[in-house]
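Everything on this sheet refers to the single structure shown next.
The values are calculated or read from the model by the stated rules, or taken from the named source; none is laboratory data. None of these values were measured; they are calculated from a predicted model. Here Cβ is always computed from backbone atoms with ideal geometry, including for glycine, and neighbour counts include all displayed protein chains. Surface areas here come from the heavy atoms of the whole protein model, side chains and all, with no ligands, DNA or RNA. Shrake-Rupley method; radii C 1.70, N 1.55, O 1.52, S 1.80 Å.
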Amino acid sequence: MFISSTPQVTLLVIHSVVFAIAIIYLITSRKRLKERILRYEQQVLLSQMNPHFVFNSLTAIQSYIFRNEPHTASKYLASFAKLTRLILENSRCELCSLEREIATLKLYLDLQKLRFEGRFDYTITVAEQIDPDATLIPPMLAQPLIENAIEHGLSGINWAGKIEIRYTLTKPKQLVIEVEDNGIGIEKSREVQESKGKQYRSLATEITKERIKNLKKLGNSGIKLNITDKSTLSGSTSGTIAQIVIPLK
């Protein structure tokens, strides 16, 4: 009986092994497909430039042409083209150097200053212990936060606007990005929008949160976003501090 049943046992073992291999393959394929979808979502979110920014930047450039200032118009048009190219290139990369990130943000901020006719200034500081060329981060994470500061925080203020962007290390392998403005703050911005009959909604913040959610699913579990209204820290100050914490590999 043992001898006669051996072929059936062998066949059963073979079928079991093949079935197990097939299950492992399907699980692995599904995981890879899920990761690929998440990466595509990252690319789509990253490549989303605010259409109002695009339209208003080109309108501002057009105004220089109408005022017969072709040199200035040409300068800003070249900056706009370079920014567009960098954003499209960054959308194809999971990581970029901090040096490239800062160059992209400077182009973006200079164009925003053109739009708002110099009603705000900005500073970008990098801690001495950080090597911008060797430090790799997900691209354009800070840009939506800067957009929020300009579009919501600094919009309509009657004082000189200021945006500070800081890159520091709290641990050897933990980068902190801070975007601070001296605008009206989150709560006041919400009140202004509601007084106009509009529902307060920050698309830029939603995009950032969605990107961070996807980055966590792709293995960057330590990445965090914190947004603080400065009025909750001190009643005599206004503005917003947005902070992103990124574990470095």
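Results, tabulated for the structure shown:
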{"quantity": "Top positive-direction residue, dipole computed over the range 71-218 with Cβ charges, set Gly161, Thr123, Val192", "calculated": "Val192"}
{"quantity": "Total formal charge among the other residues, if their Cβ is under 15 angstrom from that of Asp131, Lys/Arg +1 and Asp/Glu -1", "calculated": "-1"}
{"quantity": "Among Leu141, Gly183, Leu215 the positive-end extreme of the charge dipole of the range 90-238 (Cβ point charges)", "calculated": "Leu215"}
{"quantity": "Surface per residue (accessible, 1.4 Å probe) for the range 96-249, Å²", "calculated": "50"}
{"quantity": "Solvent-accessible area, 1.4 Å probe, carbon plus sulfur percent, for the range 119-184", "calculated": "49"}
{"quantity": "Test item: Cα-centred dipole of the range 63-211, Lys/Arg +1 and Asp/Glu -1 on Cβ, debye", "calculated": "380"}
{"quantity": "Cut-off 15 Å between beta-carbons: net charge of the residues surrounding Phe120, Lys and Arg +1, Asp and Glu -1", "calculated": "-3"}
{"quantity": "Three-way shape call for the range 130-185 based on the alpha-carbon gyration tensor, with the a/c threshold at 1.5", "calculated": "prolate"}
{"quantity": "Cβ-based net charge around Leu107, under 12 Å, with every Lys or Arg adding one and every Asp or Glu removing one", "calculated": "+4"}
{"quantity": "Cα-based convex hull volume of the range 108-207 per residue, rounded to whole Å³", "calculated": "120"}
{"quantity": "Cα gyration tensor shape of the range 208-249, rounded if a/c is under 1.5, else prolate or oblate by comparing a/b with b/c", "calculated": "prolate"}
{"quantity": "Above-threshold pairs, the threshold being 26 Å between Cα atoms, out of Lys171/Lys209; Lys162/Lys188; Lys82/Lys188; Lys162/Lys249; Lys113/Lys173", "calculated": "Lys82/Lys188; Lys162/Lys249; Lys113/Lys173"}
